[in-house]
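> Right, I'll just put the structure down here and ask away after.
The values are calculated or read from the model by the stated rules, or taken from the named source; none is laboratory data. What you are looking at is a predicted structure, and each value in this text was computed from that prediction instead of being measured. Please note: Cβ atoms are built from the backbone with ideal geometry, for glycine as well, and neighbour counts cover all protein chains shown.
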Amino acid sequence: MTLGKPLTKAVIPAAGLGTRFLPATKAMPKEMLPVVDQPAIQYVVEEAVNAGLSDLLMITGRQKRALEDHFDREPNLERALEAKGDFDRLEAVQHASGLGPLHFVRQGDPKGLGHAVLCARQHVGDEPFAVLLGDDLIDERDQLLRSMIEVQARTGGSVVALIEVDPAQISAYGCADVSAVDGEDHVRVNGLVEKPSVADAPSNLAVIGRYVLHPAVFDVLEDTPPGRGGEIKLTDALQTLATSDGEGGGVYGVIFKGRRYDTGDKLSYLKAVISIASERVDFGEDLKTWMKAFVS
Ligand code: UTP
């Protein structure tokens, strides 16, 4: 592995079935659902670019066209906006295609997040890389990914992002058993349990959709058998790495206390849209005034 090289690669899995959003996601990937006026996936791509990642690989599946088209040039539309003198919208349209270059690989069958990450193996090669899921939007004012990249460089292992949740909610998440690391802000992850019952949960620390992984994860994923639902789980591979002291062994956690918007299910998605919309300078105040009147 090349040591000391800055981390440049981001993998963005977007090949899931999005069943929680059916029927909206019947003919459209859930990552294309709009959050105010841009698709969720664009916030994620912008976050990766803002964290200094320049080599972006999206894992797509069925209906990949909308994802590819969104980040591509659209000359007819651009010409029409230019002819109308609508330069603000022209800039917004061009911004999305200027984020790249983006690479795409198809997952084929959506056999789980672990399998989606494995599809990135050839592109990523033998270097650490970030994984960003479109379900979680991290406010651009918070620098989660940069902290995770630093922890990966210092520890040489893999890094997960954790948030503290109400203990009663932990069974909706992957949960981490952690211990403090002397003199450091990050924690050591001793083990991970996917969606534990409240009684079995080792903590109230939930794994969210940002990872910085050592390439050792690929060999582990190759050997990880499918779990419940026939899916290869990234959590299972991380559990193996957490207890390994070989090269790339060890999993660490960055506890995130910033602003995160969950878009993974309908209610959280609506809350995310309203939170983000209410901070918009162009209509946030109007929206808040309307919401107060609506609620009363
Ligand atoms: P989720 O489990 O949240 O996505 O996976 P999903 O399967 O699309 O959603 P539901 O539960 O059916 O509603 C987290 C991320 O991993 C990607 C998804 O696209 C999402 O961004 N993913 C998941 C893949 O790329 N491939 C898979 O096989 C599974």
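> Of all residues in region 29-49 being aliphatic (A, V, I, L, M) and within 12 Å of the ligand (Cβ to nearest atom), which is surrounded by the fewest Cβ atoms within 10 Å (Cβ to Cβ)?
To start, the set of residues in region 29-49 that are aliphatic (A, V, I, L, M) comprises 32-33, 35-36, 40-41, 44-45, 48-49.
Within this subset, residues satisfying the condition of being within 12 Å of the ligand (Cβ to nearest atom) are 32-33, 40-41, 44.
Working: Met32: 21, Leu33: 18, Ala40: 25, Ile41: 25, Val44: 25.
Among those that are aliphatic (A, V, I, L, M) and within 12 Å of the ligand (Cβ to nearest atom), it is Leu33.
> Sticking with this one: Could we say that Glu150 is away from the ligand (no atom under 16 Å from the Cβ) and free of Cβ contacts under 8 Å to residues at least 24 places away in the same chain here? First the steps, then the outcome.
Working: away from the ligand (no atom under 16 Å from the Cβ): yes; free of Cβ contacts under 8 Å to residues at least 24 places away in the same chain: yes.
For Glu150, the condition - away from the ligand (no atom under 16 Å from the Cβ) and free of Cβ contacts under 8 Å to residues at least 24 places away in the same chain - is met.
> Limited to region 219-232, what total is found for residues that are surrounded by fewer than 20 Cβ atoms within 10 Å (Cβ to Cβ) and at negative phi?
Step one: list which residues in region 219-232 are surrounded by fewer than 20 Cβ atoms within 10 Å (Cβ to Cβ), which gives 219, 222-223, 225-231.
Narrowing further to those that are at negative phi: 219, 222-223, 225-228, 231.
Number satisfying all stated conditions: 8.
> Now for a separate question. Which one of Ile255, Ile232, Ile274 is hydrophobic (A, V, I, L, M, F, W, C) and in contact with a Lys or Arg (Cβ under 7 Å, 6 or more places away or on another chain)?
Answer to the selection: Ile232.
> Further question: Are there any pairs with C-beta distances below 7 angstrom linking a residue in region 262-275 that is within 13 Å of Leu137 (Cα to Cα) to a residue that is within 15 Å of the ligand (Cβ to nearest atom) and of a type in the set (S, T, N, Q), with the two at least 6 apart or on different chains, and if so which?
Pairs found: Asp262/Ser268; Tyr269/Thr263; Ala272/Thr263.
> Pro23 is checked against (1) part of a loop (DSSP other than H, G, I, E, B); (2) of a type outside the set (Lys, Arg); (3) surrounded by fewer than 17 Cβ atoms within 10 Å (Cβ to Cβ); (4) away from the ligand (no atom under 14 Å from the Cβ) and fails just one. What number does that condition carry?
(4)
> Can you name every residue in region 127-183 that is part of a loop (DSSP other than H, G, I, E, B), aliphatic (A, V, I, L, M) and modelled with pLDDT under 95?
Going residue by residue through region 127-183, those that are part of a loop (DSSP other than H, G, I, E, B) are 127-128, 133-135, 139-143, 156-157, 165-166, 173, 181-183.
Checking the rest, the ones that are also aliphatic (A, V, I, L, M) come to 133, 165, 181.
Val181, the sole residue that qualifies.
> Criterion first (without any contact (Cβ under 8 Å) to a residue 40 or more places away in the chain and either within 16 Å of the ligand (Cβ to nearest atom) or assigned to a helix (DSSP H, G or I) (or both)) does Leu81 satisfy it?
Working: without any contact (Cβ under 8 Å) to a residue 40 or more places away in the chain: yes; either within 16 Å of the ligand (Cβ to nearest atom) or assigned to a helix (DSSP H, G or I) (or both): yes.
Yes.
> Let me ask you something else. Scan region 15-29 and report the pairs whose first residue is within 19 Å of Glu68 (Cβ to Cβ) and touching a residue at least 24 places away in the same chain (Cβ under 8 Å) and whose second residue is within 7 Å of the ligand (Cβ to nearest atom) and part of a helix (DSSP H, G or I), with Cβ atoms within less than 6 Å and a gap of 6+ or a chain change.
Ala15/Ala116
Condition check ((1) in contact with a Pro (Cβ under 8 Å, 6 or more places away or on another chain); (2) farther than 23 Å from Ser244 by Cα; (3) small (Gly, Ala, Ser)) across all residues:
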site	(1), (2), (3)
Gly100	no, yes, yes
Phe104	no, yes, no
Val117	yes, no, no
Ala120	no, no, yes
Pro128	yes, no, no
Ile138	no, yes, no
Arg141	no, yes, no
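> What residue, of Val36, Val11, is over 18 Å from the mean Cα position of the chain (by Cα), at pLDDT 95 or above and closer than 26 Å to Gln143 by Cβ? Working first, answer last.
Working: Val11 fails: over 18 Å from the mean Cα position of the chain (by Cα).
Only one candidate qualifies: Val36.
> Still on this structure, I have one more. Take the conditions charged (D, E, K, R) and either more than 16 Å from the ligand (Cβ to nearest atom) or part of a loop (DSSP other than H, G, I, E, B) (or both) and apply them to Arg65. Does it pass? So that I can check it myself, show each step before the final result.
Details: charged (D, E, K, R): yes; either more than 16 Å from the ligand (Cβ to nearest atom) or part of a loop (DSSP other than H, G, I, E, B) (or both): no.
Here the answer is no, as Arg65 does not meet what is asked.
> Determine whether region 107-126 contains at least one residue that is over 16 Å from Arg210 (Cα atoms), surrounded by fewer than 16 Cβ atoms within 10 Å (Cβ to Cβ) and within 14 Å of the ligand (Cβ to nearest atom).
yes
> Tell me the residue from His103, His123, His115, His95 that is part of a helix (DSSP H, G or I), more than 19 Å from Val160 (Cα to Cα), of a type outside the set (A, V, I, L, M, F, W, C) and in contact (Cβ under 8 Å) with a residue 40 or more places away in the chain, please.
Numbers: His103 fails: part of a helix (DSSP H, G or I); His115 fails: more than 19 Å from Val160 (Cα to Cα); His95 fails: in contact (Cβ under 8 Å) with a residue 40 or more places away in the chain.
Exactly one residue qualifies, and that residue is His123.
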